[in-house]
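Below: one structure, written as structure tokens.
Nothing in this text is a laboratory measurement; each read-out follows from the coordinates by a stated rule. This is a predicted model, so every value here is computed, not measured. For neighbour counting, all protein chains shown are included, and Cβ atoms are generated from backbone atoms with ideal geometry for every residue, glycine included.
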Amino acid sequence: MTCPNHGWQFDVTDGKCITVDRCDDGCLVDTYPVKIENGEIILSWPL
């Protein structure tokens, strides 16, 4: 996944930054379970 603001890329499976060397484990994006059912994308996240 690529951020449209600064171009950093993140691994969609764990949220870690994969393109900027100075990122540490504190530089994560949230990830959520996703599945496809009957051609629809189902995303689950806590409310």
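Could you please tell me which pairs satisfy a Cβ distance under 8 Å, a separation of 6+ or placement on different chains, a first residue in the range 29-45 that is within 13 Å of MET1 (Cβ to Cβ) and in contact (Cβ under 8 Å) with a residue 24 or more places away in the chain, and a second residue that is small (Gly, Ala, Ser) and assigned to a loop (DSSP other than H, G, I, E, B)?
Matching pairs, first to second residue: VAL29/GLY15.
Among the residues of the range 16-40, write down those that are in a loop (DSSP other than H, G, I, E, B), within 13 Å of the chain's Cα centre (by Cα) and among the aliphatic types (A, V, I, L, M).
ILE18, VAL29
So which of ILE18, ILE41 is in contact with a strand residue (DSSP E or B) (Cβ under 7 Å, 6 or more places away or on another chain), exposed (fewer than 10 other Cβ atoms within 10 Å of the Cβ) and at negative phi?
Values: ILE18 fails: exposed (fewer than 10 other Cβ atoms within 10 Å of the Cβ).
Unique residue meeting the criteria: ILE41.
I'd like the residue in the range 1-15 that is of a type in the set (Val, Ile, Thr) and in a loop (DSSP other than H, G, I, E, B) and, out of all such residues, is surrounded by the fewest Cβ atoms within 10 Å (Cβ to Cβ).
Step one: list which residues in the range 1-15 are of a type in the set (Val, Ile, Thr), which gives 2, 12-13.
Add one more test, that the residue is in a loop (DSSP other than H, G, I, E, B), and what stays is 12-13.
On the way: VAL12: 12, THR13: 7.
So the residue we want is THR13.
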